[in-house]
1. Counting Lys and Arg as +1 and Asp and Glu as -1, what is the net charge of the other residues whose Cβ lies under 12 Å from the Cβ of residue 241?
2. With the full set of protein chains in place, find how many percent of the accessible area of the chain is carbon and sulfur; take the probe as 1.4 Å.
3. Before rounding to the nearest 500, sum -39500 (n - 2.57) across all DSSP H runs of length at least 4 in the chain and divide by the residue total; then give [θ] at 222 nm in deg cm²/dmol.
4. For the chain, which DSSP H helices look membrane-span-like by this rule: Cα extent along the axis of 30 Å or more and mean Kyte-Doolittle of at least -0.5?
5. All other residues with a Cβ under 15 Å from the Cβ of residue 81 taken together, and with Lys, Arg as +1 and Asp, Glu as -1, what is their net charge?
6. Just how large is the dipole of the stretch 154-291 about the Cα centre, in debye to the nearest 20, putting +1 at every Lys and Arg Cβ and -1 at every Asp and Glu Cβ?
7. Would you mind calculating the relative contact order of the stretch 215-310 from Cα pairs under 8 angstrom and at least 6 residues apart, reporting the percent as a whole number?
8. Would you mind putting 220-233, 146-159 in packing order, based on average other-beta-carbon counts within 10 Å, highest first?
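The values are calculated or read from the model by the stated rules, or taken from the named source; none is laboratory data. Just so you know, these numbers come straight off a predicted model, no measurement behind them. Don't worry about glycine lacking a Cβ; one is built from the backbone with ideal geometry, like all the others, and counts go over all protein chains shown. What goes into the accessible areas is simple: the full protein's heavy atoms, side chains included, and nothing from ligands, DNA or RNA. Shrake-Rupley method; radii C 1.70, N 1.55, O 1.52, S 1.80 Å.
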Amino acid sequence: MSLLVVGVSHRSAPVSVLERASLTTATQIELLQDSLAAEPATEAAVLATCNRIELYADVDKFHAGVAELSTLLARHSGVGLEELTPYLYVHYEDRAVHHLFSVACGLDSMVVGEGQILGQIKDALALGQELHTAGRLLNDLFQQALRVGKRAHSETGIDRAGQSLVTFGLEQLAAGAAVDAWAKKKRALVIGAGSMSSLAAATLARVGIDEIVIANRTAARADRLVQILTEPGSTGVLARAVDMSALADELPHADVVVSCTGATGLVLTAGAVEAALHGRTGRLDLLDLAMPRDIDAAVHRLGGVRFVDIESLAEASADAPMAADVDQVRTIVSDEVAAFGAAQRAAHITPTVVALRAMAADVVSSEVARLEGRLPGLDDKQRAEITRTVRRVVDKLLHAPTVRVKQLAGEPGGAEYADALRELFDLDPQTVAAVSRADLNDTDGVGRGRV
């Protein structure tokens, strides 16, 4: 395993850099394809959220891998390599596994313990599978990360240490008041109908907002979200959908605006917000969860506005108390990293063991054939009994060493046992490689990386 991750996040870079370094779905696809087209990566997956961009790869050369992935990340993010480099972090092998597992558990999130990251990891894996850039290593890694994240949330109280970015943002708007009391008799305008905007709308409905207006460029998605919010047995919130062109008409009537679109430019300018403030008596609360930002940061200078964005959330979360459960999650992560490493090392020796057993089977067949030539009088029953006996002898001789070598392979330095087996039994390297290729391609239709 030669796992490498190169990334930038809210922990390593200011929001101004993250905002410019964001990736669209299209650029994520290009980044993955270019990563495999270039050496030395043989697999690749990208995890891109509102506050992190990370490129994971299976590489055969560390320094060349860091240089290549960093260059590709800079090229596709739109931030020059020279400017981006000081903010990049690099993790290799077990440290890379530890990092992803920590991310999956919410330990590395802006709001510690939030569970939304699991869906984003799942999306990253799905994209890698769809494009056939995620091979065996990254499939195993990301699937295990999802299991580790779910385990952390089910076995500990990490949920008490944090919440979703939406909930945290609404708490900042409420400024110390109970969110349900703050939301009472308010009308909300939600801009966008993607996953984050949908979560915002559902959260607003749950805390008791009176009415929600969904503005989105695609009418079908906005209508679908309204249908979900107003279906029988739900919160009973009033909800309707409008086109993005109606923002200027809706803004003056809104008490709360939550925006999270994939737009590359501003959705709400300071001028548009200022125009909406004319004649109103109540405060306008603005929550911008987009990266790059949807709402002009200059609105914080307008009177009658409370503005919360990713940058202010990062500052507020830095002072948030850590729950005691975080230590328990860290223990889970450490245990799971050790188990994952052992499993990967053990899997590395499997092709060698299979090749050894195949060679032994060939020896048995050859010797039985030679015996038949020397003893032509054997009947079918005698021949079968001799064959079974020889096979049993060979199986018993190989059983203990092959079981033990698999156990030893799970320990640090275990790859050396595979090398020793190949050397001691003079195994054909091409045969071992063929077993590895067959094993890699036997994946039940799941997309894999290059072989």
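1. On the way: positive: 217, 221, 224, 240; negative: 223, 243, 250.
Here the count lands on +1.
2. Working: 11100 of 21280 Å².
The C+S portion of the solvent-accessible surface of the chain is 52 percent.
3. On the way: 19 runs with 252 residues, N = 451.
Only helices count here, giving -18000 deg cm²/dmol.
4. Details: long enough: 325-374 (72 Å, 0.30); 380-409 (42 Å, -0.54).
Those that pass (Cα extent of 30 Å or more, hydropathy at least -0.5) are 325-374.
5. Details: positive: 20, 75; negative: 34, 68, 82, 83.
Local net charge: -2.
6. Details: 12 positive and 15 negative charges, 26 e Å.
That gives a dipole near 120 debye.
7. 24
8. On the way: 220-233: 15.0, 146-159: 18.4.
Descending packing order for the listed peptides: 146-159, 220-233.
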